[in-house]
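Accompanying notes for the structure given below.
The values are calculated or read from the model by the stated rules, or taken from the named source; none is laboratory data. What you see is a predicted model; the values in this text were computed from it and never measured. Glycine also receives a Cβ, built like all others from the backbone with ideal geometry; neighbour counts cover every protein chain displayed.
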Amino acid sequence: MIPKGATIFFVVGVLGAGIIGAFLFQISNQTQSLVYQNGPSLSIITEKINYHLGEPVHIRIINSGTVPLTFSDSSFGLKIRGLDGTIIYSPISTQMISMLNPHEEKIFVWNQTKTDGSKVIEGRYEIECNTSPEAGNVLKKSVTINIFQ
């Protein structure tokens, strides 16, 4: 026969683990929110945080401020890095000055390939974007995504 105390602790433990697991699952699947600000502001948003291998990643680069932003290339400073800092993908772009007006956005789709054409592996990746240093104040934003099997 199992003591009552052990049964109670077991039931409470199972229920507690289920509640904590559900809470952590909700936190891990939250999407980023967009907040507009006065002055210069840059935002980078993906549809979600967790992706399957081969699933397209839609990346939104948004001028979330009230002044135009200047970028040094036509890819709006977009780079995708491994967590070790190595750039694994950067869109092919021309070296021309690009502008993003207030509340304007550009959308890029990354098909989970590296610059050399090979496929990425499971892991965490940082998607970053930055404005041109010639424009005065440099804005740099990034978001981290997970890629699973």
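If you go through segment 63-89 and keep only what is under 22 Å from Gln112 (Cβ atoms) and part of a strand (DSSP E or B), you end up with Lys79, Ile80, Arg81, Gly82, Ile87, Ile88, Tyr89. Select from segment 107-149 the residues that are closer than 18 Å to Ile61 by Cβ, small (Gly, Ala, Ser) and not in a strand (DSSP E or B) and write down the one among them that is modelled with the lowest pLDDT. Among those residues, the one meeting the criterion is Ala135.
Being acidic (Asp, Glu) and closer than 15 Å to Cys129 by Cα narrows it down to one residue among Asp84, Asp116, Asp73; which is it?
On the way: Asp84 fails: closer than 15 Å to Cys129 by Cα; Asp116 fails: closer than 15 Å to Cys129 by Cα.
After applying the criteria, what remains is Asp73.
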